[in-house]
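None of the figures in this text is laboratory data; all of them are computed from the coordinates on show. For clarity, every value in this text was computed on a predicted model and none was experimentally measured. No Cβ is skipped: glycine too gets one built from the backbone with ideal geometry, and neighbour counts run over all protein chains shown.
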Ligand code: ADP
């Protein structure tokens, strides 16, 4: 063939070009603008098992998997409108009723209106791609469940690649590359130098690192991350670091709270026990004869045994509620009489102002309501040692409302959100003893009665309010 017969770019003439296309190992076809197949090459038989007679004059859409039809139809509209399409992937049915993935390039000839269509069997790529995608999704959900993020750092280029969960842990939502400098900025200033030192030593000595560091949390406060890092050397001798990071903020918080709780429980139990032991000792060994002194000591004995009983009840209830074993034993009770009785024997009896109807018969679990009132009165006595304590109760439709307001130090808005959490105690230098479960119990008791408990500012001091659901009862009930 003479050079002059060739098309620009050294392509052979039309006839030879036709032969070349005809013998292509990739399936090729020509279509009219409705997608009707006008011509196919023999590769169709190798790739999908279809012969020309099976294909010609049929719309190619008939061979496509229903799940891919919408996408393919949309792209087809593009090509008919004159926009070439590349890498349109869809599943084709084979002559033996199986599916194969093909990737298509389509181009419409403006003069004839025909669409030239070149396909490639990408089934093995797609299988791999789908498997990898599935694995990635599995990995992502495993990471989320385990709260673990994975990362890898290469020195050249200096890039830290991260799994999706790791990005989420570090609150990274942009696509800018993460260099070691940028990563270090995320670490709490006080931990930065130590982490840099550990990682540098790890690379130099080829040793693993297990450590902890802090980052700033989005809602304020620090988050604690545990990091495992391991250096690896690639074939070119370059050192990479890879590792995993786990958010342990919540575990740490609970561990700290539990430690504080255990310390508080031991302290709380020991205090009345020490008094009981001391008083009992005095009564037994010294044979106290003086009537006044005897009754004072006996009074102390009773008060401290009561205190122990109260503590034990709180602990037992807390355990019951944690296990979800709480059973309501409702019955008729006069809330007015109950409140008056409890206030009368509480340490704030002298400074209490009670507000409510003279009689309020309700259908509630009397023991639980008693425990709510006792806990609130106890706190008022503890945190507001002087000033009036306003105790009110009443009904609002289906709900009973009980509140105890004192003139104590009050509760800040930030504390208000947390003091009903178990083990939480306001961290200041308040000297009052406690286990941090009283209000958590009040909240749970209220919920058990389909209600809620909360605190509001009350100048000066705080007002603790509890609402519980209780159907109204007639006075005659
Ligand atoms: P405890 O009293 O054993 O610490 P609570 O669950 O009863 O546990 O209370 C949790 C925290 O709420 C307390 O540590 C205290 O800081 C705060 N608090 C409770 N009652 C009052 C109150 N009447 N005034 C101010 N703060 C209170």
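Whole number please: convex hull volume per residue of the Cα set in the range 112-218, in Å³?
Taking only Cα atoms, the range 112-218 has a hull volume of 204 Å³ per residue.
What is the calculated FRET efficiency for residue 300 to residue 251, with r their C-beta to C-beta distance and R₀ = 51 Å, to the nearest 0.05?
The value I calculate is 0.75.
Inverting the mean 1/r over all pairs of different Cα atoms, compute the Kirkwood radius of the range 338-477 and quote it in Å.
Kirkwood hydrodynamic radius for the range 338-477: 15.3 Å.
Taking a label point 7 Å from the Cα of residue 269 along the Cα→Cβ vector, which residues of the range 432-453 have an amide N closer than 14 Å to it?
Under 14 Å, as judged by backbone N against the label point of residue 269, lie 435 of the range 432-453.
Could you grab the Rg to Rh ratio for the range 211-339? Cα atoms only, Kirkwood for Rh.
On the Cα set of the range 211-339, Rg over Rh gives 1.31.
If the convex hull of the alpha-carbon atoms of the range 281-368 is projected onto planes in all directions, what is the mean projected area in square nanometres?
8.8 nm²
In whole Å, what is the distance between the alpha-carbon centres of the range 286-328 and the range 398-424?
24 Å
So if R0 is 41 Å, what FRET efficiency would residue 94 and residue 17 give, r being the distance between their Cβ atoms, rounded to the nearest 0.05?
0.90
Rounding to the nearest 10 and keeping the result within 0 to 90°, find how far the Cα-based axis of helix 249-285 lies from the longest principal axis of the chain.
The angle comes out at about 20 degrees.
Pulled fully out, how much extra length does the chain show between residue 189 and residue 171, if you take 0.36 nm times their separation in residues and subtract their Cα-Cα distance?
Full extension of this stretch gives 4.8 nm more.
Where q = 0.11, 0.13, 0.20 Å⁻¹, what log10 of I(q)/I(0) comes from the Debye formula for the range 171-286, counting one point per Cα?
Results for the range 171-286 at q = 0.11, 0.13, 0.20 Å⁻¹ read -0.56, -0.68, -1.15.
Two decimals, Cα atoms only, Kirkwood Rh: what is Rg/Rh over the range 1-143?
Rg divided by Rh gives 1.05.
Would you mind getting the Kirkwood hydrodynamic radius of the range 167-215 from its Cα pairs, rounded to one decimal in Å?
So the Kirkwood estimate lands at 12.0 Å.
Summarise the long-distance tail of P(r) for the range 79-172 by giving the % of C-alpha pairs beyond 23 Å.
Here the tail beyond 23 Å accounts for 55 percent of pairs.
Just to confirm my numbers, what's the Cα centroid distance between the range 8-70 and the range 200-241 in Å?
So the separation of the two Cα centres works out to 54 Å.
Using 1/(1 + (r/R0)^6) with R0 = 30 angstrom and r between the beta carbons of residue 141 and residue 426, what's the FRET efficiency to the nearest 0.05?
Once rounded, the FRET efficiency stands at 0.20.
Counting C-alpha atoms alone, how compact is the chain: give Rg to one decimal and Dmax as a whole number, in angstrom.
Answer for the chain, Rg first and Dmax second: 38.9, 136 Å.
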